[in-house]
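Below is one structure; the comments refer to it alone.
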Amino acid sequence: MWIVKLAWKNLWRNPTRTLVTVAAIFFAVILSMVAEALKLGVFENLVKNVVSFHSGYIQVHKMGYQDEQILDNSFSQDNTTASLIANTRNVNAVTPRLEAFSLAASAELTKGCLVAGINPELENNITQLKTKLVAGKYLKGSDNAVLMAEGLANSLKLRVYDTVMLIGQGYHGATAAGKFVIKGIVKFGSPQLNNGILFMPLPAAQEYFSAEKQITAYILSVHTDKLLPTTAVAVKRVVGVDYEVLTWEELMPDIKQHIATDSNNMKIVQAVLYLLICFGIFSTLLMMMLERKFEIGMLVAIGMKKSKLILLFIIESVLTVLTGCLAGMVAGVPLIFYLHYYPIRMGGDTAKAYERFGFEAIFPTSTDSTIFISQALTVLMIGIALSLYPIVKILQLKPLTAMKK
Amino acid sequence: MKNIVIDAHNISKVYNPETIPVYAVNNIHLHLQEGEFTALVGPSGSGKTTLLNLIGGLDKPDHGNIYINGTDITKLSARKLIEFRLHNIGFVFQSFNLIPVLTAKENAEFILLLQGVKRAERDKRVLQLFTEIGLVEKMKVRPAQLSGGQQQRVAVARALASKPRFILADEPTANLDSVAALHLLDLMEALNQEEQVTFLFSTHDPRVINRARRVITLVDGSIASDSAVVSTSAPHEHP
Ligand SMILES: Nc1ncnc2c1ncn2[C@@H]1O[C@H](COP(=O)(O)OP(=O)(O)OP(=O)(O)O)[C@@H](O)[C@H]1O
Ligand SMILES: [Mg+2]
């Protein structure tokens, strides 16, 4: 007990140095928590974005569709397969889609576009299509009308309740042609989608493409993103070899790549941060050992066992590092929650890069509670590991050498 | 016959044996009995500090054996030596003896804490020591607020706390003015006469040498003279 008291008194030997060390650890914990929360938060946000604009978390196609996206690679919709998929663990919702390219035309203009036959209700559960509506009304399953992306509508100079002509190739070489009323306009962040997609109810699409009962994909959402690979494997097992099962990462490898790069950058930031923490703590330890060298030598000379001295120094380190860590956590948690609700907004090139993918360049923090603990623990570990330095010094110490001036 | 507390046999310490060897302690025999009050004198570089460090178990001789109360300390491991010093030898260094963050009382008590002595006994012993060194009113004060002489007296109290076999002091008065030096000597002498505490100290100060009952003079690492009684002898010739 006296040793704890002595350790405590030693911390007040040079209050400025102790305070500087505690402050270094305090800021280290905050920064590393924010860095980690941003890393995870950006990732979560991007995934949510990617998935919610079109792809879903997982898609089931007929084998070969991903390489050759034509109607002849469609498959016939069957309720047992759909319900088998829906009952797979971690699968949250399933919706069918029939997608193919056509030519859209107004009175004087034409433009190529993707025609997506959807189940309006189920689709909305997965991609929140209804929230993207900027004019008109959302589709009903029995409608013979379309939702047109805003950019496409602008190119064709069409507005809600105008009629669009569609001409294309249907299933097995049939000619597809039809006239549809634009029931609503939807707006996407992604230029690719915004300039080239229109939606119609699945039965209408099947009739237009002469593809009765056919679909090109099941789109799935999942409960938790973390189990995505195993879920894909489980779905694959359910649907069998005639189908291909792809996660969003496989569907959009470029976005996956982008996220990976960002998260690596964040790791570098964290590594530099940890390095700075190490140097900060180490330099104060170095100074302290130099300052107390004579005294340590004197203590060993009069008979203080090295194990007791080591215990003394460990208690001093733990008190310092723990105080900094706890204070850092107490201050860091509200900061992270603040940055979650008022996320950092990027400008310039970063913003442009994100806009290319159709995201807003905002960086909300993740509020996953493991971040707080893991980061504080990491800094704590660094602090404790560094206090090995005084221990080694004490073990090597010869009292006479230490007491030489 | 009194107990022999220090019995050094043929001890030698050579520095730089490979290059230019310095025989800091050269084949010294030395016996010290319980209750002695001995000064170690000699010119600078004659080996006083080296000899005290060897006897105190802070350094190992290259040759010879040192028996402290029958234990050959040259045979002890570094770890055992620390333990041995704690229980058998009191140290007073030239300066910076005290832990700056502890009060005078806590500094003197420190040895007892290391030995695991119970609180009631510690308090009793420390109060007794501070009465002896005449600093009871300064017990709660930190070293920085004590004069150099007072600090050295607290260091003596600490050295005495565990009732060691003897106290080694390498130039304990070197950093003190003459009044404080003589005051410290008074204290050491009183402790020696009233409680039979054995002292072995090195010094350059003639007035301090005059107070010693035995003076051992070192020259070039060897004992040049050793007198048991000095009270009647004339002061040493010093320029
Ligand atoms: N660590 C060392 N390495 C090399 N030589 C040393 C070392 N310590 C002491 N010496 C040498 O050993 C000799 C004895 O030194 P020592 O310190 O014992 O003398 P001293 O009598 O205590 O001197 P002083 O009165 O100046 O304190 C000196 O020549 C000194 O230079
Ligand atoms: Mg000396």
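The values are calculated or read from the model by the stated rules, or taken from the named source; none is laboratory data. It should be emphasised that the depicted structure is a prediction, and the values quoted were computed from it without experimental measurement. As a convention, Cβ positions derive from the backbone with ideal geometry for all residues, glycine included, and neighbour counts pool all protein chains shown.
Of all positions in region A:88-105, none carries a residue that is surrounded by fewer than 19 Cβ atoms within 10 Å (Cβ to Cβ), out of contact with any Asp or Glu (no Cβ under 8 Å at 6 or more places or on another chain) and without any contact (Cβ under 8 Å) to a residue 24 or more places away in the chain. Could you go through region A:382-393 and let me know if any residue there is of a type outside the set (K, R), surrounded by 19 or more Cβ atoms within 10 Å (Cβ to Cβ), more than 23 Å from A:S317 (Cα to Cα) and away from every other protein chain (no Cβ under 14 Å). No, that holds for no residue. Might you let me know whether region B:151-160 holds any residue that is in contact with a Ser or Thr (Cβ under 9 Å, 6 or more places away or on another chain), closer than 19 Å to B:R211 by Cα and buried (at least 19 other Cβ atoms within 10 Å of the Cβ)? Yes.
With respect to the conditions (1) in the same structural domain as A:P203 (by TED's automatic domain parsing); (2) not in a helix (DSSP H, G or I), A:R13 falls short on a single one, namely (1). Criterion applied to B:V126, B:V136, B:V101 was being aliphatic (A, V, I, L, M), over 18 Å from B:T173 (Cα atoms) and at the interface with another protein chain (Cβ under 10 Å from one of its Cβ atoms), and the one residue passing it is B:V101.
Residue-wise test of (1) not in a helix (DSSP H, G or I); (2) not hydroxyl-bearing (S, T, Y).
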| residue | (1), (2) |
| --- | --- |
| A:I30 | no, yes |
| A:L40 | no, yes |
| A:L46 | no, yes |
| A:H54 | no, yes |
| A:A82 | no, yes |
| A:T95 | yes, no |
| A:L98 | yes, yes |
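Looking at region B:72-86, is at least one residue touching a residue at least 60 places away in the same chain (Cβ under 8 Å), more than 16 Å from ligand 2 (Cβ to nearest atom) and within 14 Å of the chain's Cα centre (by Cα)? Yes, that holds for at least one residue.
Quick check: anything in region B:145-153 out of contact with any strand residue (DSSP E or B) (no Cβ under 7 Å at 6 or more places or on another chain) and facing chain A (nearest Cβ under 10 Å)? No, there is no match, as no residue in region B:145-153 is out of contact with any strand residue (DSSP E or B) (no Cβ under 7 Å at 6 or more places or on another chain) and facing chain A (nearest Cβ under 10 Å). Restricted to region B:46-70, and to residues there that are under 25 Å from A:V300 (Cα atoms), within 16 Å of ligand 2 (Cβ to nearest atom) and in a loop (DSSP other than H, G, I, E, B), the residue that is nearest to the chain's Cα centre (by Cα) is B:G56. At least 3 residues being under 25 Å from the mean Cα position of the chain (by Cα) and farther than 26 Å from A:D78 by Cα is the threshold, and among the helices (runs of 4 or more DSSP H) wholly inside region A:201-311 those reaching it are A:253-302. Restricting attention to region A:289-315, the residues being within 8 Å of chain B (Cβ to nearest Cβ), of a type outside the set (A, V, I, L, M, F, W, C) and under 20 Å from B:G56 (Cα atoms) number 4. Considering the conditions (1) closer than 25 Å to A:I302 by Cβ; (2) assigned to a strand (DSSP E or B), B:N27 is excluded by exactly one of them, (1). Of the residues screened, B:G90 is not one that is under 19 Å from the mean Cα position of the chain (by Cα) and either more than 10 Å from chain A (Cβ to nearest Cβ) or among the aromatic types (F, W, Y) (or both).
Within region B:6-54, the set of residues being away from ligand 1 (no atom under 14 Å from the Cβ), surrounded by fewer than 18 Cβ atoms within 10 Å (Cβ to Cβ) and small (G, A, S) comprises just one member, B:G35.
Just to be sure before I move on: is A:S263 without any contact (Cβ under 8 Å) to a residue 12 or more places away in the chain and small (G, A, S) in the structure I sent?
On the way: without any contact (Cβ under 8 Å) to a residue 12 or more places away in the chain: no; small (G, A, S): yes.
No: the conditions fail for A:S263.
Of the residues making up region A:346-363, not a single one is out of contact with any helix residue (DSSP H, G or I) (no Cβ under 6 Å at 6 or more places or on another chain), at pLDDT below 90, under 15 Å from A:M33 (Cβ atoms) and not aliphatic (A, V, I, L, M). Checked against (1) within 14 Å of chain A (Cβ to nearest Cβ); (2) in contact (Cβ under 8 Å) with a residue 24 or more places away in the chain; (3) not small (G, A, S), B:E36 passes all but condition (1). Here region B:117-147 is the region considered, the condition is being small (G, A, S) and in contact (Cβ under 8 Å) with a residue 24 or more places away in the chain, and the residue that is surrounded by the fewest Cβ atoms within 10 Å (Cβ to Cβ) is B:A144. As for region A:23-38, it holds at least one residue that is within 32 Å of the chain's Cα centre (by Cα) and within 30 Å of A:N125 (Cα to Cα). Here region A:3-12 is the region considered, the condition is being free of Cβ contacts under 8 Å to residues at least 12 places away in the same chain and either buried (at least 16 other Cβ atoms within 10 Å of the Cβ) or under 16 Å from A:R292 (Cα atoms) (or both), and the residue that is farthest from the other protein chains (Cβ to nearest Cβ) is A:W12.
Taking the criterion of being away from chain A (no Cβ under 11 Å) and on the phi < 0 side of the Ramachandran plot, the residues of region B:63-84 that qualify are B:H63, B:N65, B:I66, B:Y67, B:I68, B:T71, B:D72, B:I73, B:T74, B:K75, B:L76, B:S77.
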